[in-house]
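In what follows, a structure is listed as C-alpha cells, so that the remarks can point back to it.
The values are calculated or read from the model by the stated rules, or taken from the named source; none is laboratory data. None of the values given here were measured: they were computed from a predicted structure. Cβ atoms come from the backbone with ideal geometry, glycine included; neighbour counts cover every protein chain shown. SASA here: full protein model, heavy atoms, side chains in, ligands and nucleic acids out. Shrake-Rupley method; radii C 1.70, N 1.55, O 1.52, S 1.80 Å.
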Amino acid sequence: VQLQAFGGGLVQAGGSLRLSCVLSGRTFSMYNMGWFRQAPGKEHEFVAAISWNGGSTYYADSVKGRFTISRDNAKNTVYLQMNSLKPEDTAVYYCAASRTSLVPTAIEYEIHYWGKGTQVTVSS
C-alpha cells in the first residue's frame, strides 16, 4: 500500500498550490481521504477530509474558505487546492486514508494509511 503526495513547493503569500495524493495497493473508492500538516515545532494538525464518494467534506477552521479538498476515484487521487496562502500555512503536508473517519473529533477516528509528506513553504 502506498500513498504518494505531489505538488508541494515555495509560493508567495496570497498565492496558490494544488497538492495531489495517489493511493495504490487498495481500492481507493473504499477510503475516506484527508490531509494533515505539521509545522516546525507544532503538533500534527488536521486540515481537510473528504468521504469515499466525495459527498461530504470537512475543514479545519484555519483553512475554511481558502482550501478545497476533492477526489477523482477513477484516478485514485485526492486533491487539496490551496488558495490565498499565508505564511502560517507553511508545513509538511501529509495525505491519509481511513475506512472510518479522518476527523479527529469523530468517535470512529482512525487513520489506516499515511503518505510521506510534501513540503509547502509560503513566503511573506
**Request:** May I ask you to list the residues in segment 1-12 that are exposed (fewer than 14 other Cβ atoms within 10 Å of the Cβ) and modelled with pLDDT of 95 or more?
**Result:** Gly9, Leu10, Gln12
**Item:** Unmet criterion (only one of (1) modelled with pLDDT of 95 or more; (2) of a type outside the set (Val, Ile, Thr); (3) open to solvent by 70 Å² or more (accessible area, probe 1.4 Å)) for Gly41
**Value:** (1)
**Message:** Being over 15 Å from Tyr94 (Cα atoms), open to solvent by 30 Å² or more (accessible area, probe 1.4 Å) and at pLDDT below 95: is that true of Gly65 here?
**Reply:** no
**Fill in**
In segment 69-112, residues that are of a type in the set (Ser, Thr, Tyr), under 18 Å from Cys21 (Cβ atoms) and open to solvent by 70 Å² or more (accessible area, probe 1.4 Å) total 0
**Complete:** If we ask which residues in segment 44-62 are open to solvent by 20 Å² or more (accessible area, probe 1.4 Å) and not polar (S, T, N, Q), their number turns out to be 9
**Prompt:** (1) open to solvent by 30 Å² or more (accessible area, probe 1.4 Å); (2) part of a loop (DSSP other than H, G, I, E, B): which one isn't true of Arg18, the others all being true?
**Reply:** (2)
**Item:** Given (1) under 23 Å from Ser124 (Cβ atoms); (2) among the aliphatic types (A, V, I, L, M); (3) without any contact (Cβ under 8 Å) to a residue 12 or more places away in the chain, index of the condition Val11 fails
**Value:** (3)
